[in-house]
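Worksheet: one structure, shown below.
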Amino acid sequence: MSLFRTKSVEQSIAETDEPGHRLKRELSALDLTVFGVGVIIGAGIFVYTGTVAASNSGPAIAISFIVAGLACALAALCYAEFASTVPVAGSAYTFSYATFGELVAWIIGWDLVLEFTVGASALAVGFSGYLQNLLAGTPLEIPTAIGSATDGWINLPAVLISLLVTAVLILGVKLSSRVNQVVVAIKLAVVALVIGLGVTYVKTSNYSPFIPERQPSPAGEGSFWDQPLITSLFGMEPAVFGVAGVMAGAAVVFFAFIGFDVVATVAEETKDPQRNVPIGILSSLAIVTGLYVAVSLVITGMQNYTEIDPTDSAPLATAFDAVGQEWVGNVIAVGATIGLTVVVLILILGQTRVAFAMARDGLLPQGLAKVHPTYGTPYVITAITGVGVAVLSGFLDFETLGHLVSIGTLFAFLLVSVGVLVLRRTRPDLPRAFRTPAVGLVATLSVLLCFYLMLNLVGETWLRFGIWMLIGIVVYFAYGRRHSRLGQGELGGTLEREPGVAP
């Protein structure tokens, strides 16, 4: 049963005051809301809108966003209860340690490494795409050789932005929050411009048909690895568009919503986390879902989905170019370029807090949990994460990275949704500043919808995810299990408690 040993909620909270591992509590509800909005408004609006409309959903990409947003909303309610009950760095990793035990906590922590690190890398690539679009035709135009991992040698802008935001994160979470607030204001202004001006160029004829008729997949029969897993499992004919295309699109644009769970990872650095974390999670998700739907309707109304280039990394700018408003495209490109830097920053922030919690528990080398004596940030793991993101973004393409993030995020949401039910049963005595309404129904629907969206991702993504998780299991048994502070009895009073048994 040592694989399922759990760490009590009380012990997790007590560890936040350990000398050398103490993080500064500086964030308010507004800070968290802006963090959430800042990280969610990114690839969904600036990159994926055109790709998914052209390849999967057509104008019904708005429905794809609603479905993905619903899955997130259900999971967000579960996250909010967990975060208000266990206000400790680590998010789903910490929650799982208290409910499912160490092995599952490790698995979800390893999964979050995939979500945040690969997500930051994908957005760094997105930043590079918009920057190159902005500089094209000028003396500062970036040569393909250093601007693309696919067509050149390296994506240098993606590497540089990853290292820059890493430096900002090391200098302090409050500085990161202030930078985020300024950039979010710029992003919201750009989104308002897209909606306000773009709606005047909408042609209702572009919405017909709203859900394009189901068509055979361009890939034909393809292999098992090239098709959505649900198609292969049930012997369905590979196809795009139609209702199936809308759902496949929802699975892809789900990537656009990653980030609200980052709010939970900084609970330990939040003033009054029991109140402020749920506010930050739920308010940021509500704001962004509305903006996503509005922007997707405007873009597919301005330009017929059949005319959108699915490989275009700057579809909003291109849509305004198509109606003769190149200046708007330039403004969007500037806003997106600036805005995506903050998405990279916050995703790296999320990864460092998860790894910090795992290192503090001994599942990763404890030296990674060192906190800077002046800045109060986990500077060692932040530097390592920044370099890792820079390497990934410099040599991998956006699509590969994005699909991996989607499956990792959905898996994390699924476990959190189950975990909130488990903790309600095993620790009904815990004070909960926020309680998920109709928790049985909400958590069950969240699990089912997240799993269904996972099935709509292609087999190749599942293969890569499986390989990543297998590597994680090997690392756990080779290092984590033997060095676990809980396993070594360093966390007094919590070692032998098994799942389902209250202390």
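The values are calculated or read from the model by the stated rules, or taken from the named source; none is laboratory data. Not measured: the values here are computed from a predicted model. We place every Cβ from the backbone using ideal geometry, glycine too, and count neighbours over all the protein chains shown.
Points to keep in mind about this one:
- Residues in the range 449-471 that are in contact with a Leu (Cβ under 9 Å, 6 or more places away or on another chain), of a type outside the set (S, T, N, Q) and part of a helix (DSSP H, G or I): Leu449, Cys450, Phe451, Leu453, Met454, Leu455, Gly459, Trp462, Arg464, Phe465, Trp468, Met469.
- The range 292-319 - residue that is part of a helix (DSSP H, G or I) and either of a type in the set (S, T, N, Q) or touching a Leu at 6+ places or on another chain (Cβ under 8 Å) (or both) and, of those, nearest to Val190 (Cα to Cα): Val295
- The set of residues in the range 363-378 that are part of a helix (DSSP H, G or I) and crowded, with 21+ Cβ neighbours inside 10 Å contains only Ala369.
- Matching residues in the range 287-326 - criterion: being touching a Pro at 6+ places or on another chain (Cβ under 9 Å) and of a type in the set (A, V, I, L, M): Leu297, Ile299, Ile308
- Of the set (1) surrounded by 14 or more Cβ atoms within 10 Å (Cβ to Cβ); (2) under 22 Å from Val52 (Cβ atoms), all apply to Val243 but (1).
- Residues of the range 65-92 classified as among the aromatic types (Phe, Trp, Tyr) and under 17 Å from the mean Cα position of the chain (by Cα), total: 2
- When residues of the range 433-444 are limited to those that are assigned to a helix (DSSP H, G or I) and of a type in the set (Val, Ile, Thr), the one surrounded by the most Cβ atoms within 10 Å (Cβ to Cβ): Val442
- Restricting Thr409, Thr461, Thr385, Thr436 to those that are polar (S, T, N, Q) and more than 20 Å from the chain's Cα centre (by Cα) reduces the list to Thr436.
- Sole residue being modelled with pLDDT of 90 or more and more than 16 Å from Leu112 (Cβ to Cβ), chosen from Ala359, Ala383, Ala355, Ala322: Ala383
- Qualifying residue in the range 254-274 (condition: assigned to a helix (DSSP H, G or I), within 26 Å of Leu131 (Cβ to Cβ) and in contact with a His (Cβ under 8 Å, 6 or more places away or on another chain)): yes
- Selection within the range 8-22: residues that are within 26 Å of the chain's Cα centre (by Cα) and at pLDDT 70 or above. The member of this set that is nearest to Leu423 (Cα to Cα) is Val9.
- A single member of Gly419, Gly367, Gly362 is within 22 Å of Thr94 (Cβ to Cβ) and free of Cβ contacts under 8 Å to residues at least 24 places away in the same chain, and it is Gly367.
- Unmet criterion (only one of (1) closer than 24 Å to Ala322 by Cβ; (2) modelled with pLDDT of 85 or more) for Leu140: (1)
- Residue match in the range 354-362 (condition: surrounded by fewer than 20 Cβ atoms within 10 Å (Cβ to Cβ), out of contact with any His (no Cβ under 8 Å at 6 or more places or on another chain) and either polar (S, T, N, Q) or within 17 Å of Leu27 (Cβ to Cβ) (or both)): no
- Some residue of the range 106-117 being acidic (Asp, Glu), closer than 26 Å to Val389 by Cα and touching a residue at least 60 places away in the same chain (Cβ under 8 Å): yes
- Residue that is modelled with the highest pLDDT [pool: residues in the range 191-216 that are of a type in the set (S, T, N, Q) and not in a helix (DSSP H, G or I)]: Ser208
- Qualifying residues in the range 37-88 (those that are among the hydrophobic types (A, V, I, L, M, F, W, C) and outside any helix (DSSP H, G or I)) - the one nearest to Phe241 (Cα to Cα): Ile41
- Only one of the listed residues (Leu414, Leu430) is in a helix (DSSP H, G or I) and on the phi < 0 side of the Ramachandran plot. That residue is Leu414.
- Val328 part of a helix (DSSP H, G or I), among the β-branched types (Val, Ile, Thr) and surrounded by fewer than 24 Cβ atoms within 10 Å (Cβ to Cβ): yes
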